[in-house]
Amino acid sequence: MSFQFTEENEKKFADILSRYPNKRAAMLPTLHLAQEQNGFISEEIEAFVAQRLEVPIVDVREVLSFYTLYFRKPMGRHHIRLCMSIACWIRNCDEIKAYLEQKLGVPSGSVTEDGNYSWEAVPDCLGACELAPMLQFDKYFEGNLTREKIDELLDGIQNGHKS
Amino acid sequence: MPIKKIVSEFFGNEDARRLDWRIQRGGYEAARKALRTMSPEQVIEEVTTSNLRGLGGAGFPTGRKWSFIPKDTDKPKYLTVNADEAEPGTFKDRYILEWDPHRLIEGVIICCYAVGIHKAYVYIRGEYVRPYERLQQAVDEAYEAGILGPKVLGEDFSLDLYVHRGAGAYICGEETGLLESLEGKKGWPRLKPPFPAVVGLFGCPTVINNVETLSHLPKIIENGGQWFADLGCERNGGTRLFALSGNVKKPGVYELPLGTPLRELIYEHGGGIQDDRALKAIIPGGASSAVLTADEVDISLDFDSLAKAGSMLGSGAVIAMHEGICMVKALHNIEHFFAHESCGQCTPCREGTGWVYKTLSRIVAGHGRMEDLHALRIHSRNMTGTSICALCDGAAMPLGSFVRKFEHEFEYYIKYKRSYVEARSETVSI
Ligand SMILES: Cc1cc2nc3c(=O)[nH]c(=O)nc-3n(C[C@H](O)[C@H](O)[C@H](O)COP(=O)(O)O)c2cc1C
Ligand code: SF4
Ligand code: FES
């Protein structure tokens, strides 16, 4: 079955298009929308976006390979991005990284076997250095990380405390 | 004297992002004043008088930047608000977006009125989900209340404002990388000239301003440019937000007049150094700025003083490091970031940031050679002023300064294949 926007997302897509003088400029928001719906950008979605924005597929692919927030393969149910940049490094993010790796059992950049989590340690500052060391859990930031806090975060999820 | 809070007035107040609450406290009065009682030229004049300078990093005088936009053009003009905030150590714009988005929207209205702009985009980094949600909600509210749209605040002036999410690339904070990205392409910075003021977004005249820069406008219009100028120091108007992080007791965002001593920020507002250890080094304006030693802590926090000291005030991101931090590893961390974020367009940047990172990785792994230090110094020179955008210079600034100011730590690491700091702490604890 080929990829289509849901009815609601089709409306959002029309709204996105109305904001720019040309279709190409809707590239990033359209990819965000598609990823929200599908979880990642498959080759099929690449073609879909190219067709809807009336650009060659290579243009979509070039954008996908340039930006880091688009996933090109399925990710875990929850995605964790651990900040490794300077302010977090000063506050010992290396230790948090080692603990996360031990706890999740897979190296940065991969998905856990049960498919619950994917995680990556990123060299970019996530813009919340006052919370260092910090991470992004799905959409939101969690800071002042300790081993206990990581336990709470991950075990809480497993026990269904968090959606 | 109590410290004047301008843009941080409502930080931490859950009500402040609600339009009705904000309107009760003077929200949008300055925009109304500008639209009703001032000509666009008068607005630009107040902003020029205020000595407001760009708070995104470059410190360019805002009034002057606006005056470069051609007056008689058939093309539409655009404002793009830079909310990409990705310079390591910087997190101040996030506070405005999360706590007081209406202040930014009001600033956008004032800027657009002054320059004759009817369409504005906020380019917000993709990782900022909560700030995005809060800003979008405020924009929706402003449209519903007739503050944005065909008749701004009921006046004969139309303005559309759209929030556009980025997708994870530091280089899109560079103004022309941002424009490319907003046009739906990879964020490769453009060769200048032409400058965005003439050929910007979609080939049209474009103003690019930082979130905080624009958020200062309402108070400048309310109280006058001179009032703002008097708050700061010579040629550096007003206050700005400092994002303080690293080894301080109270990291956070502090709004202080330009010209405040760095010492005051760290020891009074930041509560001093963690565990009362000795301060060793300070990055004063984001990872792209040259590092300062503890001896330089009395410097005045303004654009000109920092430039004179060979560094920069940049994005206002101050990162403190105490005696327990290894300068070799700190630089290694910073250069990893730049090597990762170089867009790859220019040879000195693409190759330079890669070599530097590899060389530092080798030193940190204990395989460094004394010649490496010389090579690092040469790289820092060759990476300055040789590329399309300032990312490369931003990588060279910490490189040159860390190696020069902490040369002994680099030499020690190469000679003994271990960190000077770690070696010393072991000796002390024996
Ligand atoms: C590599 C690089 C990254 C930048 N990132 C940002 C950023 O995240 N936010 C920002 O406001 N300015 C950033 N700037 C500065 C912008 O290019 C530009 O000077 C600024 O947005 C102009 O607004 P202002 O005059 O209000 O400061 C960056 C510059 C460079 C060279
Ligand atoms: S200096 Fe670096 S980041 Fe800037 S355009 Fe050149 S390669 Fe890209
Ligand atoms: S360094 Fe980690 S959030 Fe800034």
* **region B:165-193 residues that are over 11 Å from B:A390 (Cβ atoms) and of a type outside the set (D, E), paired with ones that are open to solvent by 50 Å² or more (accessible area, probe 1.4 Å) and not in a loop (DSSP other than H, G, I, E, B) (beta carbon under 7 Å, 6 or more apart)** => B:R165/B:Y132; B:K186/A:E62
* Quick one: in region B:139-171, of everything that is open to solvent by less than 10 Å² (accessible area, probe 1.4 Å) and more than 14 Å from every other protein chain (Cβ to nearest Cβ), which residue is nearest to A:P123 (Cα to Cα)? => B:A142
* Structure fact -> When region A:73-105 is checked residue by residue, the ones that are more than 29 Å from B:I325 (Cα to Cα) and either away from every other protein chain (no Cβ under 13 Å) or within 16 Å of ligand 1 (Cβ to nearest atom) (or both) are A:K73, A:P74, A:M75, A:G76, A:R77, A:H78, A:G105
* Please find, within region B:97-121, the residue that is most open to solvent (accessible area, probe 1.4 Å) out of those that are within 29 Å of B:Y254 (Cβ to Cβ) and within 12 Å of chain A (Cβ to nearest Cβ). => B:E98
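So that you can scan it fast, the table gives a plain yes or no per residue for (1) in a strand (DSSP E or B); (2) over 17 Å from the mean Cα position of the chain (by Cα); (3) more than 16 Å from ligand 2 (Cβ to nearest atom); (4) modelled with pLDDT under 95:
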residue: A:A98; (1), (2), (3), (4): no, yes, yes, no
residue: A:E120; (1), (2), (3), (4): yes, no, yes, no
residue: A:L126; (1), (2), (3), (4): no, no, yes, no
residue: A:K149; (1), (2), (3), (4): no, yes, yes, no
residue: A:K162; (1), (2), (3), (4): no, yes, yes, yes
* Asked: Restricting attention to region B:243-272, and to residues there that are of a type in the set (S, T, Y) and closer than 11 Å to B:A317 by Cα, which single residue is farthest from the other protein chains (Cβ to nearest Cβ)?
  -> B:Y254
* Out of all the residues in region A:70-79, is one or more in contact (Cβ under 8 Å) with a residue 24 or more places away in the chain and part of a strand (DSSP E or B)? -> yes
* In this structure, is A:F141 within 14 Å of chain B (Cβ to nearest Cβ) and either within 16 Å of ligand 1 (Cβ to nearest atom) or assigned to a strand (DSSP E or B) (or both)? -> yes
* Only one of B:G224, B:G177, B:G232 that is touching a Gly at 6+ places or on another chain (Cβ under 7 Å) and either closer than 30 Å to B:K5 by Cα or open to solvent by 10 Å² or more (accessible area, probe 1.4 Å) (or both) -> B:G232
* Which pairs have Cβ atoms under 6 Å, sit 6 or more apart or on different chains, and link a residue in region B:388-409 that is among the aromatic types (F, W, Y) to one that is more than 9 Å from ligand 1 (Cβ to nearest atom) and open to solvent by 10 Å² or more (accessible area, probe 1.4 Å)? -> none
* Asked: Is it true that some residue in region B:310-328 is of a type in the set (D, E) and under 22 Å from B:G57 (Cβ atoms)?
  -> no
* To do: Identify, by number, the condition in (1) in the same structural domain as A:A25 (by TED's automatic domain parsing); (2) away from ligand 2 (no atom under 16 Å from the Cβ) that A:E62 doesn't meet.
  => (2)
* Please work out if B:Y267 is touching a Phe, Trp or Tyr at 6+ places or on another chain (Cβ under 6 Å) and either open to solvent by 10 Å² or more (accessible area, probe 1.4 Å) or among the hydroxyl-bearing types (S, T, Y) (or both). => no
* Asked: Residues of region B:184-197 being away from ligand 2 (no atom under 16 Å from the Cβ) and under 25 Å from A:C125 (Cα atoms), which ones?
  -> B:G184
* **Those residues of region B:412-430 which are of a type outside the set (S, T, Y) and either assigned to a loop (DSSP other than H, G, I, E, B) or in contact with a Lys or Arg (Cβ under 7 Å, 6 or more places away or on another chain) (or both), in sequence order** => B:I414, B:K417, B:R418, B:I430
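Yes/no per residue for (1) away from ligand 1 (no atom under 13 Å from the Cβ); (2) buried (at least 18 other Cβ atoms within 10 Å of the Cβ):
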| position | (1), (2) |
| --- | --- |
| B:G344 | yes, no |
| B:C349 | no, yes |
| B:V356 | yes, yes |
| B:N382 | yes, no |
| B:A396 | no, yes |
* To do: Among the helices (runs of 4 or more DSSP H) lying completely within region B:172-227, list those that include at least 2 residues that are of a type in the set (S, T, N, Q).
  => B:175-182, B:211-215
* Just wondering, is there one or more residues in region B:114-137 that are in a helix (DSSP H, G or I) and either within 16 Å of ligand 2 (Cβ to nearest atom) or over 24 Å from A:T30 (Cβ atoms) (or both)? -> yes
* Could you tell me which of the residues B:P61, B:P101, B:P76 is within 11 Å of ligand 1 (Cβ to nearest atom) and modelled with pLDDT of 95 or more? => B:P61
* Evaluation of B:F338 against (1) under 18 Å from the mean Cα position of the chain (by Cα); (2) within 12 Å of chain A (Cβ to nearest Cβ); (3) assigned to a loop (DSSP other than H, G, I, E, B) (one fails), failing number -> (3)
* Asked: B:D74 passes all but one of (1) more than 14 Å from chain A (Cβ to nearest Cβ); (2) under 28 Å from B:E341 (Cβ atoms); which number fails?
  -> (2)
* Hey, A:N116 more than 16 Å from ligand 1 (Cβ to nearest atom), within 11 Å of chain B (Cβ to nearest Cβ) and not hydroxyl-bearing (S, T, Y) or not -> no
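The values are calculated or read from the model by the stated rules, or taken from the named source; none is laboratory data. Quick caveat, the model's predicted, so the values are computed rather than measured. Note that we place each Cβ from the backbone using ideal geometry, even for glycine, and neighbour counts take in every protein chain shown. To get the accessible areas, we keep the full protein, side chains included, count just its heavy atoms, and leave off ligands, DNA and RNA. Shrake-Rupley method; radii C 1.70, N 1.55, O 1.52, S 1.80 Å.
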